[in-house]
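The values are calculated or read from the model by the stated rules, or taken from the named source; none is laboratory data. From a predicted model like this one, the values you see are computed outputs, not experimental measurements. A quick note on method: Cβ atoms are made from the backbone with ideal geometry, for glycine too, and the neighbour counts reach across all protein chains shown. Heavy atoms of the whole protein, side chains included, go into the accessibility calculation; ligands, DNA and RNA do not. Shrake-Rupley method; radii C 1.70, N 1.55, O 1.52, S 1.80 Å.
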Amino acid sequence: MKKILFFTPYGSFTGSEVVLWTYLQNFDRSQLRAALYSEQQGPLTKQLPTDIPLFTSPFDRGRLQRIYSKVANAMGVEVYQNNIRRIQERYQADYWYLNTVLMFPLSSLAEQMGVRTISHIHELHSSFESIGYQEMAHAMTYSDLVIGVTGQICELATVMGAKKTALLYPVVDLNRKNLSGQRVEALRKQLKIKPGAFVWTMVGTRIYRKGVDLFPFIAQALADQNCHFIWMGNSKPTGLNYLVDSQVKALNLPNVSFVDVQTDDYYNYLQLADGLVMTSREEPFGKIMTEAASLGKPLVAPNAGGAREFISPEMGELINYPTPEEFRRGMVKVMQNPGAYQENILMEKSHQFDAGIQTKRWESAILRL
């Protein structure tokens, strides 16, 4: 029986953390024991299985505790590190599981305490800038196992000195699909989608890396087509999002809708779509591809990252450059040739990523250590 202490940053609906939660809900309790440390208490921490203890940062607790922690930290006390040391002394984990590169700075502390580590990379190059040179080097060379969500990431980990890698694509729980034809029609009316319009959907946080600034110009490039464009994803009140909202107004695009992540209606929004368009400038492996494919939706995405490893010609179109003109080419091809994209192949491919299958592969990779 291996005891694992998982470390994750937000406890929120980011793709990397939803994947982790899917594992935590489905793993074999007779083989592994788990506890979770989340830097912040987000909406997902409320959905943690009751048999998994939850720990958090001293800087994310009650007001008095936060003040005390900040004062002590300013006086030179290692408040953050000491908290994790106490957690390890209490839980006695065999492994620390560092979920996302944001948790890789803990690798050195793990070595100090004599704890082995597993590192899980969900990101590509731009996210590597979020941690230090030595922090990445230590996490790669110290970990007993580095998990990558694409073959490309596993290759990068090997270049960076990883002793052992495992390719584990993002997992999806297809049993949690909650679909309602009536609700889909209600959403269509709510978003004022014109009759017969081809609905293109993108899912992701509204940030530059996801290509949110490209979205209005893709809609503009398809102005001669009967289309509606939905972006489902949370956003922060940044200047970039103000710019995007302003561009939608300036370009007079009433067929562009932005909605926050809808947990209850998630699959209804996907069912509303006729196709998925991935606008990301850099996308390791968006699990949204597998979720949309499970509903038979054709895919259009840049020819890079996980999309290149997932999308075959019968499933959608890969474009060479993420420009509005290239997106138009791929999207028009899908709209004009619907019979070229086969629902059964899309659905069959998606089921290879289902929680029941992928969780066993994940367990196996850990138990072999």
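Tabulated values for the structure
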quantity	calculated
Gyration tensor verdict on segment 251-309 (Cα atoms; rounded if a/c is under 1.5, prolate if a/b is larger than b/c, oblate otherwise)	oblate
Euclidean distance between Cα centres, segment 301-333 to segment 178-207, Å	22 Å
The chain, accessible area per residue, ligands and nucleic acids excluded (1.4 Å, Å²)	46 Å²
Residue-by-residue Karplus 3J(HN,Hα) for segment 142-147, coefficients 6.51, -1.76, 1.60, Hz, glycine and proline x	8, 4, 5, 8, 10, 9
Accessible surface ranking that places the most exposed of Tyr169, Tyr267, Tyr242 first, with a 1.4 angstrom probe	Tyr242, Tyr169, Tyr267
Estimated inter-spin distance, Lys177 and Gln31, nm [label 7 Å along Cα→Cβ]	2.6 nm
FRET E, pair Gln190, Asn337, Förster distance 22 Å, beta-carbon r, rounded to 0.05	0.15
Max mean-square fluctuation residue, GNM over the chain, Cα-Cα springs under 10 Å, options Arg206, Arg308, Arg29	Arg29
Debye intensity ratio I(q)/I(0), log10, segment 131-193, q values 0.12, 0.13 Å⁻¹ (C-alpha model)	-0.53, -0.56
Chain lengthening between Met160 and Leu240 when straightened (0.36 nm per residue, less Cα-Cα)	25.5 nm
Rounded accessible area of Asp265 (nearest 10 Å², 1.4 Å probe)	20 Å²
Rounded tilt (10° steps) of 355-367 against the dominant C-alpha axis of the chain	30 degrees
Area accessible to solvent at Val184, 1.4 Å probe radius, in Å²	20 Å²
For segment 206-288: rounded, prolate or oblate by the Cα gyration tensor [a/c cutoff 1.5]	rounded
For Leu191, solvent-accessible area (1.4 Å; no DNA, RNA or ligand), Å²	20 Å²
Amide H within-cut-off set for Phe6, under 5 Å, with H built and near neighbours excluded	Ala35, Leu36, Tyr37, Tyr97
With every protein chain in place, the chain: carbon and sulfur % of accessible area (1.4 Å)	50 percent
Anisotropy class of segment 296-361 from Cα gyration tensor, a/c 1.5 cut	oblate
Spin-label model distance (nm) - Gln262 vs Leu167, 7 Å beyond Cα toward Cβ	3.6 nm
Approximate spin-label separation Glu325-Met1, in nm, with each point projected 7 Å along Cα-to-Cβ	6.3 nm
Theoretical gain in end-to-end length, Ala137 to Asn226 [0.36 nm per residue, Cα-Cα removed]	27.0 nm
Heavy-atom accessible area order for Thr158, Thr45, largest first, 1.4 Å probe	Thr158, Thr45
Tilt relative to the chain, helix 181-190 - C-alpha long axis, 0 to 90 degrees, to 10	80 degrees
Sequence-distant lysines (8 or more away, or on other chains) whose Cα lies within less than 20 Å of Lys236	Lys210, Lys249
Gained length - Ala250 relative to Ile345, 0.36 nm times residue gap less alpha-carbon distance	30.2 nm
Acute angle (nearest 10 degrees) that the helix 239-250 long axis makes with the longest principal axis of the chain, alpha-carbon atoms	10 degrees
Percent of alpha-carbon pairs separated by more than 36 Å within the chain	26 percent
Helical contribution to [θ] at 222 nm, DSSP H n ≥ 4, -39,500 (n - 2.57), averaged over the chain, rounded to 500	-11500 deg cm²/dmol
Residues whose placed amide H lies under 5 Å from that of Ile230, excluding near-sequence neighbours	Trp200, Thr201, Met202, Ser257
